[in-house]
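A short reminder: the numbers here are calculations on the coordinates, not readings from a lab. In this text the structure is predicted, and so the values were computed from the model without any measurement. No Cβ is skipped: glycine too gets one built from the backbone with ideal geometry, and neighbour counts run over all protein chains shown.
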Amino acid sequence: MPRIHQLPPLVVSKIAAGEVIERPASVVKELLENAVDAGSRRIDVEIEQGGAELIRVVDDGCGIDADDLPLAFASHATSKLQTADDLFRIGTLGFRGEALNSVGGVAQVALQSRPPEQGCGAQITCHGGELGPVRPWNGSPGTRVEVRHLFFNTPVRRKFLRTHATEFGHISEAFTRVALAHARPAFDATPGAKPAKGLHLTLRHNNKLVYEVPASMALLDRIGVFFGREVSQSLYAIQARRGDAALTGYVADPSCERGTTKMQYLFLNGRWIRDRSVGHALQEAYRGLLMTGRYAVAFLFLDLPPDQVDVNVHPTKAEVRFRDSQSLHHLVFTTVRDRLRAENLTARLQVPSTIRPDGEIVPDRAPLFDRPEPLPLSSEPWALTPDAPPHPTLPFAPPASAPAPLPPVVAHAPPVSDAHQPPPLPVLPSLPASNKVIQLYDAYLVMETEKGMLVIDQHALHERILFEQLKARLRNGTLESQRLLIPEPVDLTAEQAARTLEAREELAELGLGVDDFGGGTVLVTSYPSLLSRRSPATILKAVVDHLVSQDRPPSREVLFNDLLSLMACHAAVRAGDRLTPEQIAALIEQRHLVDDTHHCPHGRPTALLFSKHDLDRQFRRI
Ligand code: ADP
Ligand code: MG
């Protein structure tokens, strides 16, 4: 029988190192954080061979007392924490006292340091956990740490290292995070005071300077250095406060979207972190402006009193626990959403070429329409002619005051055999100047407005209108559902069935009734009337796909939004549906009734505006 024994300290530190030191970039991160905690104004990082051979970090911070040098490599040895209570008011990046111990356990480290107030410094080495003697060192004030041959004594780990370029990429990312977190503050606290300086940082790889970020370089310019002008020039500044929490930073125009969340930087009290809830709030704020699967670019800086957050929940402190996660979610969501709304964002169209009089198409260096005008805000009246009479009998009444009954034909559409037959739109009593709207390719509506020529995607617009109306109906509990005489069994995986049944109440509110049949089978008992052209199984599967694709059960709001957009998409007219003049007019008339007519619920633009000014200019009239 195997006997229990206490592991020797060397083995313990190797195990701990496994958690903290995953690759060269982890070492760089820890050393940078130590240098920041030491109050440095300048940090120089030198890397050789992707960090596998050498990582050197030199700072001008407070230094380490000669007597403390051996302790710096001890496990759980730190100068940043005294009592357990301090854990809940952490003001430094480090506090676990494990980084140097871990690095020292898996590399050959030389630590040289001199506190500025002392005439001479001292040095020590730690090779695979073995400490050398403390010797005098005659260097400049600050600390210099050299890490050579990382994982020299853990060959398996070393084998896991990727190419130098890849490892350097990770290092570069760690460096970027520190450089962004410690830029000169955009707004100086006391007016008239000397402007606060940021951190001066350099990064070299194989003796080549890769980045140099001077202390005076502001955040926006730093973003430009690391991500290019394409990003830094499409940012909108944000600044908000809620109680003790402050949020500053930048969010990018939706046109700057990415395929991953990697460019969503979040910093909490100077520390880069990941946070699902904040990420979710950000993504929600862009709802309707980005296609599914596309992510916003953002640089968010949260400042909270240290006792509002527990940073001691993750070995590398990349995740934290907020006391009041909900109010942070709200802060981020409302701040970003309001900022984007203030920009009145619309799709930006760039026409790549011009047709010359001789018929030849020439690429245009300057975009034909550099920036289409913002569409009129939804609050503005949006009729075909400015003095068009109001239509009190309009079947789609404004949702805010009195929830509109849905156009009856759409709401009660019986199953239609020909799926391509467009659901009829309501007929309007009278039509002003509708000859100014034409349908092209059975997909687009082109109309004249005071501001210019508007091209509308008929499906996207109708979908948006239906979506807003469905939302209003849901709020008022008037969403209709169709009961199935014989409940339809749908076979799902165990996880899918569990997720579906968890969301049973919300689904019922949307008119989708589900019951447990056991063994992964779910019974559909009713479904939303608007979706009557789809089979109950198809509806349920679409819902299930959505539920399971989320990491965690979606919030009620997200679930409702997604399912309503599914319904709206299904019920709306499609590209390829020829519309009657009455239907066209009805669509145009509804346009001002909805909150955000610029984008369909899936994020595609619903309309593009070619301003009159641009048309005149392109035809050389002005
Ligand atoms: P932690 O940062 O969690 O305290 P570390 O193992 O990273 O633990 O460092 C141990 C201690 O060594 C720190 O608490 C600090 O006192 C000292 N130290 C490490 N690096 C530096 C540095 N660059 N400048 C000054 N002191 C340092
Ligand atoms: Mg540390």
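With +1 assigned to the C-beta of every Lys and Arg and -1 to the C-beta of every Asp and Glu, and no other charges, what is the dipole magnitude of segment 275-320 about the Cα centre in debye, to the nearest 20? Kindly include the intermediate steps, with their values, before the conclusion.
Working: 4 positive and 6 negative charges, 66 e Å.
Dipole magnitude for segment 275-320 comes out near 320 debye.
Quote to one decimal, in nm, the extra length available between K208 and R89 on full extension: 0.36 nm per residue of separation minus the C-alpha distance between them. Show your work: numbers first, answer last.
Working: separation 119, 0.36 × 119 = 42.84 nm, distance 4.00 nm.
Answer, rounded to one decimal: 38.8 nm.
For R294 paired with L71, estimate the spin-label separation in nm (one decimal), with each label point 7 Å from Cα along the Cα-to-Cβ line.
The answer from the label model is 5.6 nm.
Between Q618 and Y441, how high is the FRET efficiency from 1/(1 + (r/R0)^6) when r is the Cβ-Cβ distance and R₀ = 25 Å? Nearest 0.05.
On the way: r = 22 Å, r/R0 = 0.89.
Step by step, r from the Cβ atoms, then E = 0.65.
Distance in nm between label sites at D310 and M1, each 7 Å beyond Cα in the beta-carbon direction?
It is 3.7 nm.
Mind sorting D310, D577, D616, D59 by how few other Cβ atoms lie within 10 Å of their own Cβ, fewest first? Can you show the working numbers first?
On the way: D310 15, D577 19, D616 12, D59 27.
Going from sparsest to densest Cβ surroundings: D616, D310, D577, D59.
Given a Förster radius of 60 Å and the C-beta distance between E582 and C120 as r, what FRET efficiency does 1/(1 + (r/R0)^6) yield to the nearest 0.05?
0.05
Between V156 and A215, what is the label-point separation in nm under the 7 Å Cα-to-beta-carbon projection?
4.7
Order of K471, K80 from fewest to most other C-beta atoms within 10 Å? Each step should come with its number before you reach the end.
On the way: K471 21, K80 15.
Sorted ascending by nearby Cβ count, the order is K80, K471.
In whole Å, what is the distance between the alpha-carbon centres of segment 202-276 and segment 563-579?
Measuring centre to centre over Cα atoms gives 39 Å.
Using the alpha-carbon centroid of each, what span in Å lies between segment 9-67 and segment 471-526?
54
Cα centroids of segment 284-304 and segment 153-183: how far apart, whole angstrom?
Value for the Cα centre distance between the two parts: 26 Å.
What is the fewest-to-most order of E167, E19 by other Cβ atoms lying within 10 Å of their Cβ? Don't skip to the end; give the middle numbers.
Values: E167 21, E19 13.
By the 10 Å Cβ count, ascending, the order reads E19, E167.
Length gain on complete extension for the stretch D516 to S327, per 0.36 nm per residue less the alpha carbon to alpha carbon distance?
Details: separation 189, 0.36 × 189 = 68.04 nm, distance 3.54 nm.
Working it through step by step, the gained length comes to 64.5 nm.
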